[in-house]
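The structure appears right after this line, and notes come after that.
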Amino acid sequence: MLDIRWMRENREALAEAMRKLNAEDAPWERALALDEERRELLTQVEALRAERNTGSKQVGEYFREKRVDEANALKARMSVIGDEIAALEQRLRQVEADFDDAMLRIPNPPEPDVPVAPDEAGNQVVSTWGALPEFGFSPLPHWDLGERLGIIDIERGVKLAGTRFYLLMGAGARLQRALSNWFLDVHIEEHGYEEVYPPNMVRTNVMVGTGNLPKFGDVLYRDAEEDFWLIPTAEVPVTNIYRDEIIPAGKLPINLVASTPCFRREKVAAGKDVRGIKRVLQFQKVEMVKFVEPHTGRDELETLTRNAEVLLERLELPYRRVAIATGDLSFVAAIKYDLEVWAAGCGEWLEVSSCSFFRDFQARRANIRYRPSEGARPEYVNTLNGSGLALPRIIIALLENNQQADGSVTVPEVLRPYMGGMTTIR
């Protein structure tokens, strides 16, 4: 959510930001109009309340002075004022509700250095790492390779839950567990994160806090009876840990990490990415979340992104960092980098991490503040998050890039202690 004071004073900048984001339909003008009406109504209500308070005292004085006719006339006026206040308060409640809804539907303006382009074609490759693997044979895609190895069973996954579900079996399931545990250990022991085990279901206000609602309700799974939403990422519960709280002075930055299942209703064109496990409705992901002071936000974004890149380098997976253009930027991010790994069997780059900086956009929605110093006035924190990393696409890249001519797959050295010493999946 944006600062309404900034919006009032920067209409042209706000309009330009919405144009860059292809968000001309964002209701920012409606929000400003409602804000103006809200302030006018408040002024009227306060003036009438003041008149009523003064008049009520005067009525008592008139009665004490035996000025009965004047007292009754003023008393009648106070009754009219009460009706006027009630009507204005009813209108004010509706205006405030409409204002809050409009504010929740305005995206975060991009940082000045975000590439400006209408869609994903304007995304820019910032850097690359590693050489693409070369083979003396035609590498198989993971859906064929995994089936031959007996570690990916898509057919039975569909039997259990429907399309875009799958099973990992044997060494495949162990590989996913090894990756998650290794990711967590590196982030905790080397990068300074604290592990969290959050709920996998949350209330509506928690989804609102991170910007998933109200705009993206159609891609979320919900238990309407008990007002539970299945999380699309650990970012949702972890970011909201400090909702409606004031973080004491000296406690920032706070770095948290969690491994959770993620649930998303994918809205894709028919026939797109239907093979294999690239685009599924349930997947595992390790998520990093940061709460920081505003002046450190951009430096923390670089740190966050490097925390994810280190994992890819140790897995020896070729990757590239991509700066996301304004037309492809998420609703909540002010700037975002995607990390994409090369998958030799599919012959494509797969996104395995998105690292985003939100400024105080989420903190305003979730009311997360901090004290810059002892006794100082609370301010909104800045938040960041990034995948560190997302599965199963890391599994796809590992299988396809490390496959051998005999159909086996070499296990990366850093994972072998987590795989019981296994060096090869056969």
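The values are calculated or read from the model by the stated rules, or taken from the named source; none is laboratory data. Treat the numbers as computed from the prediction; the structure is a model and nothing was measured. Neighbour counts are summed over all protein chains in view; Cβ atoms, including those assigned to glycine, are modelled from backbone coordinates with ideal geometry.
Look at GLU374 and say whether it is in contact with a strand residue (DSSP E or B) (Cβ under 7 Å, 6 or more places away or on another chain), in the same structural domain as THR303 (by TED's automatic domain parsing), modelled with pLDDT of 95 or more and surrounded by fewer than 24 Cβ atoms within 10 Å (Cβ to Cβ).
no
Scanning the stretch 377-389 for residues that are surrounded by 15 or more Cβ atoms within 10 Å (Cβ to Cβ) and either among the charged types (D, E, K, R) or at pLDDT below 95 (or both) yields a count of 1. The condition of being part of a helix (DSSP H, G or I) and either of a type outside the set (Asp, Glu) or within 21 Å of ASN367 (Cβ to Cβ) (or both) holds for only one of SER259, SER180, that being SER180. Exactly one residue among GLY60, GLY82 is touching a residue at least 24 places away in the same chain (Cβ under 8 Å) and either exposed (fewer than 15 other Cβ atoms within 10 Å of the Cβ) or not assigned by TED's automatic domain parsing to the domain that holds PHE216 (or both), and that residue is GLY82.
Here's the yes/no breakdown for (1) surrounded by 13 or more Cβ atoms within 10 Å (Cβ to Cβ); (2) under 18 Å from the mean Cα position of the chain (by Cα):
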site	(1), (2)
HIS142	yes, no
LEU149	yes, no
ASN181	yes, no
TYR197	no, yes
THR210	yes, yes
GLY217	yes, yes
TRP229	yes, yes
THR233	yes, yes
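Go through the residues of the stretch 89-100 one by one and say whether even a single one is within 30 Å of ARG364 (Cβ to Cβ), touching an Asp or Glu at 6+ places or on another chain (Cβ under 8 Å) and touching a residue at least 24 places away in the same chain (Cβ under 8 Å). Yes, the stretch 89-100 contains a residue that is within 30 Å of ARG364 (Cβ to Cβ), touching an Asp or Glu at 6+ places or on another chain (Cβ under 8 Å) and touching a residue at least 24 places away in the same chain (Cβ under 8 Å). A single entry from GLU340, GLU400 fulfils the requirement of being touching a residue at least 12 places away in the same chain (Cβ under 8 Å), buried (at least 21 other Cβ atoms within 10 Å of the Cβ), touching a His at 6+ places or on another chain (Cβ under 7 Å) and not polar (S, T, N, Q): GLU400. Among residues of the stretch 187-198 that are touching a residue at least 12 places away in the same chain (Cβ under 8 Å), those with a beta-carbon under 8 Å from a residue that is part of a loop (DSSP other than H, G, I, E, B) at least six positions away or on a different chain give the pairs HIS187/TYR193; VAL196/ALA234; PRO198/ILE231; PRO198/ALA234. For beta carbons closer than 7 Å, sequence separation of 6+ or different chains, a first residue in the stretch 135-147 that is in contact (Cβ under 8 Å) with a residue 60 or more places away in the chain and in the same structural domain as GLN403 (by TED's automatic domain parsing) and a second that is among the hydrophobic types (A, V, I, L, M, F, W, C) and loosely packed, with under 14 Cβ neighbours inside 10 Å, the qualifying pairs are GLY136/ALA405; PHE137/ALA405.
If only residues of the stretch 345-366 that are touching a strand residue (DSSP E or B) at 6+ places or on another chain (Cβ under 8 Å) and in a loop (DSSP other than H, G, I, E, B) are counted, the one that is surrounded by the most Cβ atoms within 10 Å (Cβ to Cβ) is PHE358. Among the candidates GLU266, GLU245, GLU293, GLU302, the residue that is modelled with pLDDT under 95, surrounded by fewer than 19 Cβ atoms within 10 Å (Cβ to Cβ) and in the same structural domain as ALA376 (by TED's automatic domain parsing) is uniquely GLU266.
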